[in-house]
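The values are calculated or read from the model by the stated rules, or taken from the named source; none is laboratory data. Keep in mind it's a predicted model, so treat the numbers as computed, not measured. As a convention, Cβ positions derive from the backbone with ideal geometry for all residues, glycine included, and neighbour counts pool all protein chains shown. To get the accessible areas, we keep the full protein, side chains included, count just its heavy atoms, and leave off ligands, DNA and RNA. Shrake-Rupley method; radii C 1.70, N 1.55, O 1.52, S 1.80 Å.
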Amino acid sequence: MEVKSEKLSWWTKIGYGLGDIYGGGSGVVISFYYLIFLTDVVRIAPALAGTVILISKIYDSITDPFEGILADRTRTKLGRRRPYLLLGIPLVFLSFFALFYPFSMESETTRFVSVILSYLFFSTVVSIVMLNYNALHSEITLDYHERSSLSSIRIFFSTVASIVAALVPLEIVKAFPDVHTGYIVMGLVFGAFFSLPFIATVAAVKERPEFQRPPEAFNWRRAFIDPFKNRTFVYTLAMYLFAFVAIDTVSTIVAYFVKYYLQRSGEVSFVNGALLIAQVISLPFFVALSKRTSKIRGYILGLAIWAVAMLVSFLLKPDNAPAWVYVFASVVGLGTGGIVVMIYAIFPDIPDVDELHSGERREAIYSALVTFIRKFSSALAIFAVSNAIGWAGYVPPLQETVDGATKLIEQPQSATFLLVLRLVFMLLPIILLAFALIFAVRFPLTPELHRRLNALLKHQRANEPVDESEKQELTKVLLG
């Protein structure tokens with residue numbers, strides 16, 4: 001039986017997409033600027049800076065799955081997801097402001113503890129808000145291609161926010177003679193920028209009434225173990241993990257690479273901006289490609305483009321013409337754009353595969369697992385990079401106070417540090433992308449299999465007889 005296509009209104013697509021201004025933009029600010037903010041402004045050692053984020057992920061490993069279970073079991077007149085988005089509006093603002101507050105206590109230990117507390121606050125808020133936001137993607141439409149379209153809209157807003165987040169924060173900071181004041185204002189501005197769009201998301205999105213059935217009794221094994229028996233989920237998670245750790249590695253280290261190796265200190269924001277603009281440009285191409293072929297083909301093409309670009313990165317020199325740096329950043333953006341839009345189009349299909357076995361809609365637990373893995377992988381990347389640059393002999397800038405204004409005086413770096421910087425920048429992403437490719441070529445869910453799955457689930461939800469041989473075949477291929 002054919003499943004009727006579920007076309008969404010533009011208001012629903014745009015309203016939903018606006019929510020990812022937070023998901024995309026906040027991640028870019030943290031990836032590009034948080035480590036260098038901790039080492040150069042808050043002035044804690046690189047190893048301690050990496051430890052801050054690692055500690056928060058240990059905390060997340062405990063809290064994220066339970067937040068997902070709570071969300072899946074929530075039943076209100078607003079639905080399962082929207083109450084958390086509504087509550088998140090003031091919390092998103094406050095937590096982002098706290099994240100970039102330039103603590104300046106005399107004791108490094110006190111600054112270290114203050115940074116940990118602010119990061120845990122931010123991490124809790126982003127978990128609760130984004131796992132419910134991501135869970136909505138699976139519920140808004142059940143159509144395979146319409147989910148790709150919705151993914152392109154959310155990634156469009158995410159990438160536009162990322163461009164703003166790459167270009168504007170340091171410009172706000174530089175607009176003030178005191179670097180501490182600059183970061184305070186930046187935190188206030190971006191806290192509002194990330195929180196207010198959720199008003200539109202809550203207003204535009206409606207949740208499916210058929211997914212509001214009373215939840216079954218909680219079972220620890222079904223919640224935490226069964227998802228990892230889902231072959232489609234495990235492969236998607238591996239593709240996501242390896243590709244996004246590569247993205248986090250490059251995002252974290254690019255500021256050091258451009259500033260200290262290429263000697264283009266004033267161009268960090270613009271190089272990041274070129275990369276993100278290329279991501280936006282790539283979105284229509286990859287969505288069209290996925291409709292003609294499949295989502296996984298688009299993902300693999302994105303991997304290939306990015307891997308080639310990273311190989312070429314070792315040829316970049318400080319005396320190259322400025323245009324070559326921007327060409328390189330643009331090609332990286334084209335590749336990462338394909339990876340991001342396709343993986344976020346694949347994720348909404350995972351709860352459909354799970355429902356085949358569980359009979360439940362468990363979007364939030366999968367979203368929580370993905371959110372946790374994403375944050376934990378990001379923490380590992382930042383921890384590894386921070387320790388690598390510390391081991392290689394990174395010399396942070398000196399702080400100088402003139403007429404009450406604090407300024408940073410950059411210091412020369414050693415040849416050893418610059419070589420380690422170049423090797424990490426090139427080799428680590430390529431190795432990670434190779435692992436992502438191994439899982440991508442084995443990915444089981446095709447457009448035709450998803451069509452058959454949706455048809456079967458429609459009967460299953462209505463308590464109608466299903467073709468058992470079809471169910472067994474789908475279970476074998478998709479769940480393993």
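Overview of results
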{"read-out": "Residue 453 being under 30 Å from residue 213 (Cα atoms), assigned to a loop (DSSP other than H, G, I, E, B) and in contact (Cβ under 8 Å) with a residue 40 or more places away in the chain", "value": "no"}
{"read-out": "Boolean, residue 231 is within 30 Å of residue 475 (Cβ to Cβ) and more than 23 Å from the chain's Cα centre (by Cα)", "value": "no"}
{"read-out": "Extreme residue, least open to solvent (accessible area, probe 1.4 Å), among residues of the range 292-308 that are of a type in the set (A, V, I, L, M) and out of contact with any helix residue (DSSP H, G or I) (no Cβ under 7 Å at 6 or more places or on another chain)", "value": "304"}
{"read-out": "Sole exception among (1) among the hydroxyl-bearing types (Ser, Thr, Tyr); (2) under 30 Å from residue 362 (Cα atoms); (3) surrounded by fewer than 19 Cβ atoms within 10 Å (Cβ to Cβ) for residue 26, by number", "value": "(3)"}
{"read-out": "Number of positions in the range 249-268 that are open to solvent by 10 Å² or more (accessible area, probe 1.4 Å) and among the polar types (S, T, N, Q)", "value": "3"}
{"read-out": "The one condition in (1) under 20 Å from the mean Cα position of the chain (by Cα); (2) open to solvent by 40 Å² or more (accessible area, probe 1.4 Å); (3) basic (Lys, Arg) that residue 375 fails to fulfil", "value": "(2)"}
{"read-out": "Residue within the range 116-131 that is under 22 Å from the mean Cα position of the chain (by Cα) and not in a helix (DSSP H, G or I) present", "value": "no"}
{"read-out": "Residue that is over 20 Å from the mean Cα position of the chain (by Cα), part of a helix (DSSP H, G or I) and of a type outside the set (D, E, K, R), where the choices are 83, 102", "value": "83"}
{"read-out": "Any hit, the range 66-80, residues being open to solvent by less than 10 Å² (accessible area, probe 1.4 Å), closer than 19 Å to residue 195 by Cβ and part of a loop (DSSP other than H, G, I, E, B)", "value": "no"}
{"read-out": "Near pairs, Cβ below 7 angstrom, 6+ apart or cross-chain, from the range 42-67 (without any contact (Cβ under 8 Å) to a residue 24 or more places away in the chain and farther than 15 Å from residue 386 by Cα) to any residue that is in a helix (DSSP H, G or I) and open to solvent by 30 Å² or more (accessible area, probe 1.4 Å)", "value": "none"}
{"read-out": "Options 104, 118, 127, 114; residue that is polar (S, T, N, Q), farther than 19 Å from residue 23 by Cβ and modelled with pLDDT under 95", "value": "104"}
{"read-out": "Yes/no for residue 34 being hydroxyl-bearing (Ser, Thr, Tyr), touching a Ser or Thr at 6+ places or on another chain (Cβ under 7 Å) and part of a helix (DSSP H, G or I)", "value": "no"}
{"read-out": "Selection from the range 456-480 of residues that are assigned to a helix (DSSP H, G or I) and without any contact (Cβ under 8 Å) to a residue 24 or more places away in the chain", "value": "468, 469, 470, 472, 473, 476"}
{"read-out": "Residue under evaluation residue 246, criteria (1) surrounded by fewer than 20 Cβ atoms within 10 Å (Cβ to Cβ); (2) closer than 21 Å to residue 374 by Cα; (3) among the aliphatic types (A, V, I, L, M), criterion not met", "value": "(1)"}
{"read-out": "Residue check, residue 213 surrounded by fewer than 13 Cβ atoms within 10 Å (Cβ to Cβ) and not in a helix (DSSP H, G or I)", "value": "yes"}
{"read-out": "Verdict on residue 199 being among the hydrophobic types (A, V, I, L, M, F, W, C) and crowded, with 18+ Cβ neighbours inside 10 Å", "value": "no"}
{"read-out": "Residues located in the range 262-316, provided they are of a type in the set (D, E, K, R) and either within 30 Å of residue 451 (Cβ to Cβ) or without any contact (Cβ under 8 Å) to a residue 40 or more places away in the chain (or both)", "value": "291, 292, 295, 297"}
{"read-out": "From 13, 7, residue being open to solvent by less than 20 Å² (accessible area, probe 1.4 Å), among the basic types (Lys, Arg) and either in contact (Cβ under 8 Å) with a residue 12 or more places away in the chain or under 29 Å from residue 269 (Cα atoms) (or both)", "value": "13"}
{"read-out": "Residues satisfying the stated conditions in the range 42-58, i.e. open to solvent by less than 10 Å² (accessible area, probe 1.4 Å), of a type in the set (Val, Ile, Thr) and assigned to a helix (DSSP H, G or I)", "value": "42, 52, 53"}
{"read-out": "Some residue of the range 237-253 being out of contact with any Pro (no Cβ under 6 Å at 6 or more places or on another chain), not in a helix (DSSP H, G or I) and not acidic (Asp, Glu)", "value": "no"}
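Residues checked against (1) in a helix (DSSP H, G or I); (2) of a type outside the set (D, E, K, R); (3) in contact with a Pro (Cβ under 8 Å, 6 or more places away or on another chain):
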position: 319; (1), (2), (3): no, no, no
position: 326; (1), (2), (3): yes, yes, no
position: 338; (1), (2), (3): yes, yes, no
position: 341; (1), (2), (3): yes, yes, no
position: 348; (1), (2), (3): yes, yes, no
position: 354; (1), (2), (3): yes, no, yes
